[in-house]
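Peer 1: Got a structure for you, written out below as C-alpha cells; questions coming shortly.
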Amino acid sequence: MSNLTKLKSDNAEDAQLWQMRVDLAAAFRLAAAMNWHESVGNHFSLAVSPDGKKFLMNPRWKHFSLIKASDLLFLDSDNSETMKRPNAPDPSAWCIHGRIHANVAHARCLLHLHPPYATALAALADPDLKPVDQNTARFYNRIAVDLGFDGIADDRAEGDRLARVLGNKSRMMMGNHGILVAGATVAEPAPRWPRPSRISISWSAPARPWCWPIPRGRS
Ligand SMILES: [Zn+2]
C-alpha cells in the first residue's frame, strides 16, 4: 500500500487531516514560487489536535519546492522520543514550533521564513517595522518583536520564551533571525503576510535616514 493510499481515506477525520496536509504542502510550494524560502532551511507547521500538541511540519533537508502532502511529519510535542527517530525533525524547528503550538492557542498555523529584506531588518538594533507608508502602517503595533536571540534554538525553553513574546499577536519579528506569522488555518496568514516581495523595500529602509510623512494639515 503506498503512503498516499494510506493517508487518503473516506473517514471524515482522516479526510480532514489529509486536507490539512494538502493545504500546508501548497503553502511550501507557494513560498518557493514567491522566492520567500531558504531552500531547506525554514519551517511551516500546522496544529492538528485541539491542544496544539500534535502538528504537521516539513521534514529535514527537503526543498520547499519538492514538499508533498505525504512528506509532512506528524509530530507530538509531548513525545520525548521524537528526536531519536530516524526521520527526526530539525531540532531548532522542533523546539520553536512545538512549544509555540502547545502554548499559543491561536497559533494553529506557523509560517517561519528568513526573507532577505525582513531578515536584514531583524538584524538592526531596532528591528520594529516603522509605519512609513500605507503598506507598513498596516502592521503598526501588530508585530511582536523579539530582542532575546542568543543563538539557534536548541531547547524547549527557547520555544516557550518565543511563545511568550508572540503572545496574542499574529506576527513576530525575530531579532537577528527572521519572521514568523501565525494564523488559525494555513490560508489565514496569507492575506496578513508582510509580503516580503512587495514590502521588503520599505523594510530595508531603516538602514537609511527616515523621511517621515507629514500628516495633512501640519507643516
Ligand atoms: Zn529560522
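What follows draws every value from the coordinates through simple rules; no lab data is involved. Computed from a prediction, not measured in an experiment: that's the story for all the values here. Note that we place each Cβ from the backbone using ideal geometry, even for glycine, and neighbour counts take in every protein chain shown.
Peer 1: Give me the pairs: first residue in the stretch 48-75 and at positive phi, second residue crowded, with 20+ Cβ neighbours inside 10 Å and not in a loop (DSSP other than H, G, I, E, B), beta-carbon distance under 7 Å, and six or more apart or on different chains, which are they?
Peer 2: Short answer, once both residue conditions are applied: GLY52/HIS101; GLY52/ALA102.
Peer 1: Related question: Can you give me the number of residues within the stretch 85-127 that are closer than 30 Å to LYS53 by Cα and out of contact with any Lys or Arg (no Cβ under 6 Å at 6 or more places or on another chain)? Break it down into steps so the answer makes sense when it comes.
Peer 2: First, the residues of the stretch 85-127 that are closer than 30 Å to LYS53 by Cα: 85-115, 118-119, 122.
Subset that is out of contact with any Lys or Arg (no Cβ under 6 Å at 6 or more places or on another chain): 85-89, 91-94, 96-98, 100-101, 103-115, 118-119, 122.
Counting residues in the stretch 85-127 that are closer than 30 Å to LYS53 by Cα and out of contact with any Lys or Arg (no Cβ under 6 Å at 6 or more places or on another chain) gives 30.
Peer 1: When you go through THR136, THR185, THR119 one by one, which is the residue that is of a type in the set (S, T, N, Q) and buried (at least 21 other Cβ atoms within 10 Å of the Cβ)?
Peer 2: Only one candidate passes the filter, namely THR119.
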